[in-house]
Structure formats: structure tokens, C-alpha cells
Amino acid sequence: MRQSRKLDHLKYSLSLADGPGANGFADITLVHNCLPNLKWDDIDISSSIAGIPINNPLIINAITGGAKDVTRVNGQIAEFACLTKTAMAVGSQYAALEDPEVKQSYKIVREKNPDGVIFANLGAYATPNQAKLAVDMIDAQAIQIHLNVAQELIMAEGDRDFSGYLTNIAHIAEQVSVPVIVKEVGCGIGKEQAHLLAEIGIKAIDIGGMGGTNFLAIEGARSQLSISQELLSWGIPTAISAIETMSVLPKELDMMVSGGVRTPLDVVKSLALGGNAAGIATPIIRMLYEKELEDAVSWFNHFLHEIKCYMLLSGAKNVNNVAKVPVVITGYSREWLLARGIDLTKYGIVEKHD
């Protein structure tokens, strides 16, 4: 059952459109800097997440887990990550804990990308020992612990008990030897939950906001369920979730922004809102599905080129400086954030760069 579901996730992620909820990036505008006082060679797109150095501010986020038939797909993603020197995360490894025969669909990622930054992945119900096994399986530098309550509710075979998650994640963070990154799966993280997560020993939060690949729609499609537009639109838009999270996140914790990140400008906006990195999955998988690996790498290099363009146009020579450029927040996002009591004045103020 779990293996079949993972194949369906991959199939429908490529065929279904994003949304229907918007990611909120349309309400975020970076202020142009006509005197950047920078050279092109000054621009440095390297970053770090959970204390792990990364060569660029993108992470190929998890979208598919273990099934024999996705071994080739995971291998392609790993090859792409290796060639572009980009960090990546695997899908939930619970399938391999249940059925050792599908372990190879994960192990191939490390085989194809021996020196790359790779994150393990399990749900918040996993035990600390299972988390250790997931890390060891792929020699991971960190582990994502995902939260997907809405998705589980749509699945006929999904979980119905979500109690004790916070305590369980804390136990995992205490016992694994690598940083823990808590990741939402498309519904976003609010400031109250970000505050709770920040106190239990994790190293980063991936907000996983609304507006990108919709796992509720995917589960509805695979089960042939009719799901209302209201339910499909449930969640916190990505840009809003990033600002909510940053309003309470301690300096020692990192934020990763994912959920409908589709363009180089989306990435730079994510960094401007305080993210250390942005997660992207479906566009890369679609590119690998439709094009040759060489063409996908060329597309990605151009994607990184445009990120550097927007950084220079904002007067930011590195990722840390992007978070200091002035940002104007308008529309629905502004109304939401003000109603939530979040101070937005700092985003429009020019901060002195290093």
C-alpha cells in the first residue's frame, strides 16, 4: 500500500497544478537599488542550513518516498544534485523501515551523490531509533521530520492520532547525531507552533507553506475523492508563514522556505524574508522527466544566474545581506500579518550591509 502511494504521489505531482491557494509572493516586493556598489564577481550565493554549508540557497525537497519503481527517479535526482552541487532531501523513509526490499530506492541517492548534502526524512510519529536508522541508511547530514496532518486526514489509510508530536520530535532531536529540521508539507507553520518548535532542540524549520504542490489534491486524485475548493485551499500562504515564523524564531535557528517556490525571484524573496534557503521539488522533477539530464542542469544553472541578478539589483552581495534589503509587503499578506499583530515596519527599512 505505501509503495503504491509513493508512485501515485510522483504521478500526480507532475500532472496537477499548484494551488489553488496562492503562495503570497505576489504581495512581496524587493526595493531596487540603483547604486549597489558591487561587482558581479562579488555576489556569493552560498549559504548554510542547520549549520551545514551549502553551495547555493536551494534544496531539492522531498516529494517521493520508497518504492522499487522510483529507484531510477531518485537516482536521477541524486545525479542532478551531484552535478549542480545542490543539497537534497529524500522522501519519507518509513517504507524502507517496513520493507527492507525498498531500501535500495533510498541508498541509490548516496551512491549517485557520494559527497553531497543529503537529508533523511521521517514523520513526526517515528521513534528516535527509527530516525537513527533513516540517517544511517543514506549517511545523511540532517533529518527532516515532516508534519502532514491535513494530508493524512484525506488518506483513507492515513493517521488519525496526532497527539504527542512535539514531545516525540524533542526525543528525536535529543538522540540523533545530526541536526533535526522540522518540515510542514504544504499547509504552513504559524508563529505559535514555530515558537513551540524552537524550544525543543531542533536546528531549523522548513515552513512548507500553501501555494505549491498540493498533497491534499494528490490524495484526492489517487483516491478519486471530490474535495471542496475550501479544503484544498486550507493553510497559511508561504510568504505569510515565513514572516510569522521569523517573528518568533531565535537567531540560532534557521528557516527554510518552501511551498510554491517556482522562480529565481521567489527564492530571493524567501531569503529577504529571513530564509537561509528555499526548497523546490516539482519543477526539478518535471524538468528531469521532460528533458535530458544535461538540459536540466543547464536550466538550473541559468536559474542560479538569475538569483545572482536579483541579489545584485537589491545591493546584496551574499545571502545574509539579502535579509537586510528593504521589502514592501502589500495586499492580503499585509492585512493578515497586521491582524496577527506582527510588526512589518522593519521590512521596509534599509539596513546597513556587512
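Spin-label pair Ser163-Arg340: with each label point 7 Å from Cα along the Cα-Cβ axis, the two points sit 2.8 nm from one another.
Computed from Cα positions, the angle between helix 293-314 and the longest principal axis of the chain comes to roughly 30 degrees.
In debye, nearest 20, what is the charge dipole magnitude of region 120-201 about its Cα centre with +1 on Lys and Arg Cβ and -1 on Asp and Glu Cβ, if you could check? Let's see the in-between values first.
Details: 4 positive and 10 negative charges, 23 e Å.
The dipole of region 120-201 has a size of about 100 debye.
Remark: Trp40, Trp234, Trp336, Trp299 ranked as Trp40, Trp299, Trp234, Trp336, counting other beta-carbon atoms within 10 Å and listing the fewest first.
If a paramagnetic tag sat 7 Å from the Cα of Thr127 along the Cα-Cβ line, which residues of region 140-162 would have the backbone N under 19 Å from that point? Once the point is set 7 Å along Cα→Cβ of Thr127, 145-146, 161-162 turn out to lie under 19 Å by backbone N, inside region 140-162. The lysine pair tally for region 27-180, using Cα distances under 25 Å and a gap of 8 or more places or different chains, is 12.
For the residues Glu219, Glu290, Glu152, a GNM of the chain with alpha-carbon springs under 10 Å puts the largest fluctuation on Glu290. Adding -39500 (n - 2.57) for every DSSP H run of four residues or longer, then dividing by how many residues the chain holds, sets the calculated 222 nm ellipticity at -12500 deg cm²/dmol. When both region 148-182 and region 318-351 are represented by their alpha-carbon centers, they are found 30 Å apart. Counting other Cβ atoms within 10 Å as a rough exposure proxy, the listed residues Leu83, Leu216 run Leu83, Leu216 from fewest neighbours to most. Angle of helix 71-84 to the longest C-alpha principal axis of the chain, folded into 0 to 90 degrees and rounded to 10: 30°.
Taking Ser258, Ser92, Ser46 as the candidate residues, the one with maximal mean-square fluctuation in a Gaussian network model of the chain, Cα springs under 10 Å, is Ser46.
Values of log10 I(q)/I(0) for the chain across q = 0.08, 0.12, 0.13 Å⁻¹ run -0.35, -0.83, -0.98, by the Debye formula with one identical scatterer at each alpha carbon and no solvent. Between the helical axis of 128-138 and the longest alpha-carbon principal axis of the chain there is an angle of about 80 degrees.
Over what distance in Å are the Cα centres of region 203-257 and region 78-139 separated? So the two Cα centres are separated by 22 Å.
Extending 7 Å from the Cα toward the beta-carbon at both Glu252 and Ser223 defines two label points whose distance is 4.1 nm. Here the chain is treated with +1 on each Lys and Arg Cβ and -1 on each Asp and Glu Cβ, and its dipole about the Cα centre works out to around 280 debye. Per residue, the average separation of C-alpha pairs within less than 8 Å and at least 6 apart gives region 2-348 a relative contact order of 24 percent.
Rounded to the nearest 0.05, what FRET efficiency is calculated for Cys82 and Arg262 with R0 set to 22 Å and r the Cβ-Cβ distance?
Details: r = 23 Å, r/R0 = 1.06.
That gives a FRET efficiency of 0.40.
If a/c stays under 1.5 just call it rounded; otherwise compare a/b with b/c (prolate if a/b is bigger, oblate if not). Do that for region 251-294, with a ≥ b ≥ c from the square roots of the Cα gyration tensor eigenvalues.
Working: a/c = 3.22, a/b = 2.47, b/c = 1.30.
Note, shape of region 251-294 comes out prolate.
Taking Ile172, Ile227, Ile218 as the candidate residues, the one with maximal mean-square fluctuation in a Gaussian network model of the chain, Cα springs under 10 Å, is Ile227. May I ask for the net charge around Ala26, where only other residues with Cβ less than 15 Å from the Cβ of Ala26 are counted and Lys, Arg are +1 while Asp, Glu are -1? That sum, taken over residues with Cβ under 15 Å, equals -1. Of all DSSP bridge pairs formed entirely within region 2-348, close to 20 percent run antiparallel.
Every number here is computed from the coordinates shown, using simple stated rules; none is lab data. These numbers were taken from a predicted model, which means no experiment stands behind them. Every residue, glycine among them, receives a Cβ derived from its backbone with ideal geometry; neighbour counts consider all protein chains shown.
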